[in-house]
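Beneath this line is the structure, given in structure tokens, with notes to follow.
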Ligand SMILES: Nc1ncnc2c1ncn2[C@@H]1O[C@H](COP(=O)(O)OP(=O)(O)O)[C@@H](O)[C@H]1O
Ligand SMILES: [Mg+2]
């Protein structure tokens, strides 16, 4: 509503909604009319059929053609014999409801699945501080589409923090999508602890990676359930610990029901920063050897960001971390920073080194200081 109001189109959109609602009402009445008339017809048929058979048997009994007991049997059987007609009419109606959604359902069912079941997939082999190597990695989302990544070479060293900087659209999140195995790439381009990404079972691979995305999804349910999702067997104490580490505990206990407060669909009742801190608590609770933060703190204000940053420092210890950030302040401390532009790696080094020698990085930093 606030978007519509601020764009001044709420009246227009309201009219559109009204037209559609009227159309829907008319269709519903038509639908009701048809189903009512045919169920009336079926009921008449069944009632008439039963009555006629009883009438005929009664006449036969009166004429002494059949014994009296048969009349009682007919009484019971006539209704039963005609019942399938009623069932048929119900199925007929259901089949039309089914047909009306079948097209969309088939679209989903027929959609090509990238994850074909493969043989000999491993569900071990990623250590406590894995090393990740991207080797000459190129990628396009669509066949014969533009290259989103072009010959990318990167190494995320074991137990270190590696950052990727670059304008939006330069391909940073695409690397995250590939690491999570959401898309297929050429074989052997990504290696984790010396083993190729394709050799891992997708579920295992994802269990080894904690990700905080820019826009985190909260599900309808309590705050506690939303955090626990990362590790269903976690105790309440562990959940609270993770929330404290993510600097979320304080605001959570101030919610009407604390950890048991219901959050709306997509977390609509919380602010962007609060949602994000819950997502970070989730990632901390998951406690996976690889931690990826994809613009994780971009919707958090500066003061909170600093606090979360400190908490994240704790979480980054003893694991391999990839930080993607559009605020340079969040990646200054990284052990190594890659600078990306248009899907290319254009530079690499520490913050100080890049400030000295890398034009693109200097521009990124300069753009920031005007924000
Ligand atoms: N699912 C997708 N399908 C097609 N193109 C995509 C998809 N996701 C991202 N892209 C395109 O890939 C490029 C890189 O996007 P992305 O990796 O999200 O950049 P960044 O995270 O650096 O902002 C952009 O040009 C974007 O439009
Ligand atoms: Mg991105």
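Taken together, the values in this text are just the output of simple stated rules run on the coordinates, not laboratory data. Note that this is a predicted model, so its numbers are computed, not measured. FYI the Cβ positions are ideal-geometry reconstructions off the backbone, even for glycines, and counts take in every protein chain you see.
Structural remarks
- In this structure, residue 261 and residue 303 have a Cβ-Cβ separation that, at R0 = 22 Å, corresponds to a calculated FRET efficiency of about 0.40.
- Computed lengthening from residue 75 to residue 95, 0.36 nm per intervening residue step minus Cα-Cα distance: 4.0 nm
- Fraction of the pair-distance distribution of segment 33-173 above 24 Å, Cα-Cα pairs, percent: 69 percent
- From most to least packed by mean Cβ count within 10 Å, the peptides 329-340, 128-139 give 329-340, 128-139.
- The orientation-averaged shadow of the Cα convex hull for segment 92-200, equal to a quarter of the hull surface, comes to 10.5 nm².
- Residues of segment 170-196 with amide N under 19 Å of a point placed 7 Å along Cα→Cβ from residue 335: 191-195
- Segment 1-41-segment 183-247 distance, computed between alpha-carbon centres (Å): 41 Å
- With neighbours defined as other Cβ atoms within 10 Å of a residue's Cβ, the residues 19, 297, 321 order from fewest to most as 19, 321, 297.
- Projected label points at residue 313 and residue 58, each 7 Å from Cα along the beta carbon direction, are separated by 9.5 nanometres.
- Helix 10-62 axis versus longest C-alpha principal axis of the chain: approximately 30°, rounded to the nearest ten.
- Relative to the longest principal axis of the Cα atoms of the chain, helix 272-286 runs at roughly 90 degrees.
- Angle between the chain longest axis and helix 236-245 axis [Cα atoms, degrees, rounded to 10]: 40 degrees
- Note on the chain: GNM, Cα springs under 10 Å; of 241, 214, 63, the largest mean-square fluctuation is that of 63.
- By the count of other C-beta atoms within 10 Å, a proxy for reagent exposure, 80, 295, 233, 307 are ordered fewest to most as 233, 80, 307, 295.
- Of 223, 176, 70, the one that fluctuates the most in a GNM where the chain has Cα springs shorter than 10 Å: 70
- For 7, 75, the sequence from fewest to most other C-beta atoms within 10 Å is 7, 75.
- In the calculated pair-distance distribution of segment 138-189, the portion above 12 angstrom amounts to 71 percent of the Cα-Cα pairs.
- Placing a label point 7 Å from the Cα of residue 254 along the Cα-to-Cβ direction, the residues of segment 299-319 whose backbone N falls under 17 Å of that point are 300-308.
- In summary, the convex hull built on the alpha carbon positions of segment 70-118 has an orientation-averaged projected area of 6.2 nm².
- Semi-axes of the equivalent ellipsoid for the chain, Cα gyration tensor, largest first, Å: 62, 26, 24
- Stretched out straight at 0.36 nm per residue, the stretch from residue 233 to residue 363 would grow longer than its current Cα-Cα span by 42.2 nm.
- Note on the chain: GNM, Cα springs under 10 Å; of 107, 68, 220, the largest mean-square fluctuation is that of 68.
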